1. So what's the net charge close to residue 97: Lys and Arg +1, Asp and Glu -1, counting the other residues with Cβ under 13 Å from its Cβ?
2. Please sort by residue number the trypsin sites (Lys or Arg not before Pro) in segment 108-174 whose DSSP state is loop and whose Cβ has at most 12 other Cβ atoms within 10 Å.
3. Counting DSSP beta bridges with both partners in segment 2-254, what percentage is antiparallel, nearest 5?
4. When all C-alpha to C-alpha distances in segment 104-242 are sorted into bins of 5 Å, what percent of pairs does each bin hold, rounded to whole numbers?
5. Please check which bits of segment 107-123 a label hung off residue 98 would reach, taking the label as a point 7 Å along Cα-to-C-beta and the cut-off as backbone N under 14 Å.
6. Please compute the net charge surrounding residue 234, taking Lys and Arg as +1 and Asp and Glu as -1 over other residues with Cβ under 14 Å from its Cβ.
7. What distance in nm lies between label points placed 7 Å from Cα along the C-beta direction at residue 107 and residue 189?
8. Based on Cα positions only, what radius of gyration and what Dmax would you give for segment 2-254, in angstroms?
Amino acid sequence: MGAGFTTVFSPALEHDVHLSFLLPEILKDKYFPEGVKDEPWLIYCLHGYSSGSQEWIRKSQIEEFTKTLNAVFIFPDTATEFYSDSKRGLKYGTFLMDELPVIVEKWFGIKHNREKTLVMGLSMGGYGALKWAFSRPEYFGGCGSFAPVVDLANSAEFDPLAFENLLKIFGSKDAMVGTDADVFQLVNDFNKQDTLKMRLYHCCGEEDFLYAQNLDFNDFVLKHNKNLTYTFETGPGLHNWLYWNQKIVKALSFLGCDFKINFQ
């Protein structure tokens, strides 16, 4: 598996954006003795609030886990804009949802296959994964959300500074509820249609400061899962990579990825 780091130009943002990636092995090896013949999975991984495009490569074990998986992993950098077009004019939502898939498919020669296209994220990135998947359900067959921020409007109680940033992004507390910024609303809207299905993996540690709102989200999804194959995992764990690393293979396996060896 090869790793790389580059920049791509975003017309929406009018500047370059950092992008990291992992590419699968293409030659014969012990896991792929006949070489790789099938189209690869395309998996977008979104970073948390205080990090960037290299977070997953530096802090997770994803490179080791995925040596036996035919997949292209894409790690975009979207600053602290919650994967949204902000009121201050930074259009990271447009970059992520509209521009990046076109760039990735052309650069890496990938033909879009919804059933083999996933998005995963943690914390702010967990929110971003949910928002992107349910805003563009025609593009994704599955979503993995690790300890996501799902209740933006009430986040001041655990991070006042981040909430000030949210107000600069969305404009007001009301704009975070019942709109396309609200993942509860997006899930509800997705389940009103009868065409698309999706797999959703969700986890959060019991000692995580976001645990209560993740329980609320789990309860909501269980009541609004007509078009979802859904699982929620919890147990001892904080809001950190020690917990999330335990869940990467479980998430990818639940979302349909076919590892050549069993890590679990």
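1. -3
2. Listed in order of number, the matching sites are 111.
3. If I count the DSSP bridges inside segment 2-254, around 35 percent turn out antiparallel.
4. Cα pair-distance distribution for segment 104-242, in percent: 2, 10, 19, 23, 19, 14, 9, 4, 1.
5. Counting only backbone N, you get no residues.
6. For residues surrounding residue 234, the net value is -4.
7. 2.8
8. 17.5, 56
Read-outs: derived from the displayed coordinates by stated rules, not from any lab. Keep in mind that this is a model prediction, so the values were computed, not measured. Using ideal geometry, Cβ is built from the backbone for each residue, glycine included, and neighbour counts are taken over all protein chains shown.
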